[in-house]
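The values are calculated or read from the model by the stated rules, or taken from the named source; none is laboratory data. Predicted, not measured: the structure shown is a model, and the values here were computed from it. Every residue, glycine among them, receives a Cβ derived from its backbone with ideal geometry; neighbour counts consider all protein chains shown. Each accessible area value is taken on the protein alone, full model and side chains, heavy atoms only, with ligands, DNA and RNA left out. Shrake-Rupley method; radii C 1.70, N 1.55, O 1.52, S 1.80 Å.
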Amino acid sequence: MAVDYTKYLRMDKMPLYWCPGCGDGIVLKCYLEAIDELGWGKDDCAMVSGIGCAARVTGYVDFHTLHTIHGRAIAVAAGIKMSHPDKHVFVFGGDGDIVHIGGNHLLHACRRNVDVTVVLINNWIYGMTGGQHSCTTPPGAKASTAPRGTFEPTIDVCQMAIGAGAGYVARGFAGDPTRLKKLIKEGLEYKGFSLIDVFSPCPINFGRRNKLGDPAKLLEHMKSFLVSSAKAKRMSEEELKGKFVMGVLHKDTEKPELTASYKGLIEKAQASDEYWAKYVKGTLTEDDKDKITREELKKLYPYDVETPLKEWKKL
Amino acid sequence: MAKKRMPVEVNYDLCKGCGLCVHVCPKNVLEMVEDLHVWMGTTAKVMRPEDCIRCKMCEDICPDFSITVEDIGVELTFEDSKGNLITKSK
């Protein structure tokens, strides 16, 4: 027994609420192992989730947890990170919650590069609400709102996140826990927005409607859609059509993180405010001029202060 | 006599009988069994503990935190499928 999971779980809430064979438990386990390897304390971590099967994770994990409204988990997490930059903030959610309903928040968190780790459990369906098809359901698959198969084109979440400017984007698979743990660990360590898209089986609401009710059978079916990143390099574009590449898809080490740049702005603004306060009182010394140059000050300060001050002094 | 310790243990209070552990096990140690005394009706049971190589595939794939596998190197004493008491450290 490598990791003592009972340390991180609320054991009085067990057994887990998910259906037999659901991949959410595998992802949760990989995630707890990654946290254990990093050695983070329980009080330093905050977990946010929206509504859905995967969002029930916050009930079982003994961190600071918040169960928020549908699709808005990333927005809440970004708020927590901005007010507590020293905490590690994570978001758990399904494809319906984060991509379909809260897609706007996902895009803007990617753009801002706020230091939040999003573990997106992609099971191709709205599991909890009764098996409605979502934006990631593969064409032809049956769902409760598409009894003759879906006909809509799907969205590739990882490509969307890369386009929006996310720092770290990876894709994992619940049937491959060893690799998934490495991907989650790398995402947690990364300073900036990291999205880990995990393909996970839903044997009840997706599997049974598509004659894949056995969890092992569904796992093999999902595996046939996935290609590892090393293998994908050797494949042609035609072969890669309809397949999803696993592994780290994008990592940007140079993009500035939001809380760090915000802290820099606060420091500069405070310096400029101090400078102007001393300027008005007439107690400006030579040392203060070294702290901030005149050009920097003019860029930062939103108002033209010097001209009215001069006018006022003349009176 | 040393205390009995199995290489693989299944917590029947948490197991939901999905069958993923049986699917991934390379040595066919586990088996799905119908048991009316557990809450879901079916559960995974350790049928051939002497074959276990402790690769932890079943522990990693179990979605319900019900399987625990001992680390390699820990000496174990347990009854095998034929009822003989054996000691194993690999």
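Hey, in the GNM for chain A with a 10 angstrom Cα cutoff, which one of A:ALA232, A:ALA109, A:ALA277 fluctuates hardest?
Maximum fluctuation in the GNM of chain A, among the listed residues, is at A:ALA277.
What are the residues whose amide H is under 5 Å from the amide H of A:ASN122, where those residues sit 5 or more places off or on another chain and H is modelled from the backbone?
For A:ASN122, whose amide H was placed from the backbone, the distant partners under 5 Å are A:VAL198, A:PHE199, A:SER200.
Counting pairs of alpha carbon atoms under 8 Å apart in space and at least six apart in sequence, what relative contact order in percent does chain B give? List each step's numbers first, then the result.
On the way: 166 pairs, mean separation 29.9, N = 90.
Reported as a whole number, the value is 33 percent.
Hey, can you grab everything whose amide H is under 5 Å from the amide H of A:VAL61? Only 5+ residues off in sequence or another chain; H modelled, so Pro and N-termini drop out.
Here the answer is A:ARG10, since their amide H atoms fall under 5 Å of that of A:VAL61.
Just checking chain B: which Cys have no other cysteine's beta-carbon under 4.7 Å?
B:CYS15, B:CYS18, B:CYS25, B:CYS52, B:CYS55, B:CYS62
I'd like the orientation of helix A:103-112 relative to chain A: the angle between its Cα long axis and the longest Cα principal axis, in ° from 0 to 90, rounded to 10.
That works out to roughly 40 degrees.
Would you calculate a helix-derived [θ] at 222 nm for chain B, using -39,500 (n - 2.57) for each DSSP H run of n ≥ 4 and dividing by the full residue count, to the nearest 500?
On the way: 2 runs with 10 residues, N = 90.
Only helices count here, giving -2000 deg cm²/dmol.
Placing one identical point scatterer on every Cα of segment A:70-138 and ignoring solvent, what is log10 I(q)/I(0) from the Debye formula at q = 0.14, 0.16, 0.20, 0.24 Å⁻¹?
Those come out to -0.42, -0.53, -0.76, -0.98, one per q.
Segment B:62-90: which residues show an accessible-area loss of 30 Å² or more, assembly versus chain alone, 1.4 Å probe?
By number: B:PRO63, B:PHE65, B:THR68.
Would you compute, from DSSP H runs of 4+ residues alone, the mean residue ellipticity of chain A at 222 nm, taking -39500 (n - 2.57) per run and dividing by the full residue count, rounded to the nearest 500?
Values: 12 runs with 120 residues, N = 315.
Mean residue ellipticity, 222 nm, calculated: -11000 deg cm²/dmol.
Provide the per residue accessible area, probe 1.4 Å, for segment A:54-198, rounded to a whole number of square angstrom. Don't skip to the answer; put the middle values down first.
Values: 5240 Å² over 145 residues.
The answer is 36 Å² per residue.
Quick check: at a probe of 1.4 Å, how many percent of the accessible area of segment A:204-288 sits on carbon and sulfur atoms? Before the final figure, lay out the partial values.
Values: 3000 of 5790 Å².
Summing carbon and sulfur atoms, their accessible area is 52 percent of the total for segment A:204-288.
I'd like the Karplus ³J(HN,Hα) series for segment B:50-55: coefficients 6.51, -1.76, 1.60, θ = phi - 60°, whole numbers in Hz, and an x wherever there's a Gly or Pro.
These are the phi-based 3J(HN,Hα) values: 5, 7, 5, 9, 6, 7 Hz.
Check each of the trypsin sites (Lys or Arg not before Pro) in segment A:134-207 and keep only those in coil by DSSP with at most 16 other C-beta atoms within 10 angstrom; list them in order.
Numbers: sites: A:LYS142, A:ARG148, A:ARG171, A:ARG179, A:LYS181, A:LYS182, A:LYS185, A:LYS191; in loops: A:LYS142, A:ARG148, A:LYS191.
Qualifying residues, ordered by number: A:ARG148, A:LYS191.
Once you have the alpha carbon radius of gyration of segment A:5-253, what is it after dividing by 2.2 N^0.38 Å, with N set to its residue count?
Normalised Rg, Cα atoms only: 0.95.
What is the interface area between chains A and B, defined as buried accessible area summed over both chains with a 1.4 Å probe, reported in Å² to the nearest 100?
Values: alone 16450 and 5860 Å², together 20420 Å².
That pair of chains buries around 1900 Å² in total.
Could you work out the equivalent-ellipsoid semi-axes for segment B:1-71, taking the square root of 5 times each eigenvalue of the Cα gyration tensor, largest first, in whole Å? If you can, show how the numbers build up before the last one.
Details: eigenvalues 69, 42, 25 Å².
Rounded to whole Å, the semi-axes are 19, 14, 11.
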